[in-house]
Amino acid sequence: MPSKRLSVTVTRRLPDAVETRMRELFDVSLRDDDTPLTQDQLVAAMQGCDVLVPTVTDDINAATLGRAGDRLKLIANYGSGVDHIDVATARQRGILVSNTPGVLTEDTADMTMALILAVTRRIPEGLAVMQSGEWDGWAPTALLGGRIAGRRLGILGMGRIGQAVARRARAFGMQVHYNNRRRLRPEVEEALDATWWESLDQMVARMDILSVNCPHTPATFHLMNARRLKLMKPDAVIVNTARGEVIDENALTRMLRAGEIAGAGLDVYERGTDINPRLRELKNVVLLPHMGSATREGRIEMGEKVLLNIKTFDDGHRPPDLVVPAML
């Protein structure tokens, strides 16, 4: 008789290659559609499996974990961010949490540069003119944007993604500045030709473009609040491919509408899909639907990390990407 296989429940549709491998290795419950689970459905899923594979759309808070029962032993998150999971409560209940760090670095850094160019060079406005059929030909003063070579880029959060953004920015001829919880090692800082700012306020006030690349934690919630946004130069641009909660979205919207900030490129939002409707009205704002990590290669690599974490756990070992509260 074959040994009993680990029971795994997946909350969203994953790439076919990942789902097929899960089926080969585990007793897996897959989704037929791709809508987020309700909280009651999420609880039912947690009660009926050994391992849950959630995504950023699943709110696994203390109350949800309190209803999970005793069977669930591992939450193998499909994604690197775990701010949607109460890791401390999970650990208290004997539930391990793993994630998929590192595989989305280059994809997210690419999207950061794409947003910087889209906002500063007014690419969406140009697309709109072409799609409307109203283009009358080249004109010397039409759709003038700004050159990014020589501009100061401030990177808020100099982890893997922040450093990947810095490498790209240097190739574009930008001057790289950064603020981080800890200063980089001298050799890393020298390789990136990056200038360290201990004071975020002082850095923000001097940058032409600000890129948000830090995680969402209690310490970074509204790190870019109304007071700090007001420190930015009127001709500055802000880009966010990290977490929406880091920026006070209402304050940002007010300042963009008032011309106190020149533009913004956003891939993430403070309240998920509930985006401030006034942001949609602004021509100096580029909005994307959380596409920063959306490459076929990245999604499959995320799945491979999830599989490795589950299989390692199933073999009686510590998942290689185990998340502990001290890391957050």
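Below are the figures for this structure:
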{"quantity": "Point-to-point label distance, ALA149-LEU308, nm (Cα→Cβ direction, 7 Å offset)", "calculated": "4.0"}
{"quantity": "Accessible area of the chain belonging to carbon and sulfur atoms, whole % at 1.4 Å probe", "calculated": "51"}
{"quantity": "Loop-located trypsin sites (Lys or Arg not before Pro) in the range 146-245, at most 13 other Cβ atoms within 10 Å (DSSP)", "calculated": "ARG147, ARG181, ARG182, LYS230"}
{"quantity": "At q = 0.13, 0.23, 0.26 Å⁻¹, base-10 log of I(q)/I(0) for the range 98-149 (Debye sum, equal scatterers on each alpha carbon)", "calculated": "-0.48, -0.91, -1.02"}
{"quantity": "Whole-Å distance, taken between Cα centres, linking the range 254-312 and the range 1-64", "calculated": "24"}
{"quantity": "Mean residue ellipticity (222 nm) of the chain, computed from DSSP H runs ≥ 4 via -39,500 (n - 2.57), nearest 500", "calculated": "-10000 deg cm²/dmol"}
{"quantity": "Å² of accessible area per residue within the chain, as computed with a 1.4 Å probe and no ligands counted", "calculated": "50"}
{"quantity": "Kyte-Doolittle mean at least 0.5, axial Cα span of 18 Å or more - DSSP H helices of the chain", "calculated": "105-120"}
{"quantity": "Choice from SER199, SER293, SER211 showing the highest fluctuation, given a GNM over the chain with Cα pairs closer than 10 Å", "calculated": "SER199"}
{"quantity": "Exposed GluC sites (Glu not before Pro) absent - longest run of the chain, DSSP non-H/G/I/E/B, at most 14 other C-beta within 10 Å", "calculated": "1-133"}
{"quantity": "Bins of 10 Å from zero: percent of alpha-carbon pairs in the range 259-328", "calculated": "16, 27, 26, 20, 9, 2"}
{"quantity": "Spatially proximal lysines relative to LYS305 (Cα-Cα < 24 Å; intrachain offsets below 8 disregarded)", "calculated": "LYS4, LYS73"}
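The values are calculated or read from the model by the stated rules, or taken from the named source; none is laboratory data. Since this is a predicted model, take the numbers as computed values, not measurements. Here Cβ is always computed from backbone atoms with ideal geometry, including for glycine, and neighbour counts include all displayed protein chains. Heads up: the accessible areas ignore ligands, DNA and RNA and are worked out on the full protein's heavy atoms, side chains in. Shrake-Rupley method; radii C 1.70, N 1.55, O 1.52, S 1.80 Å.
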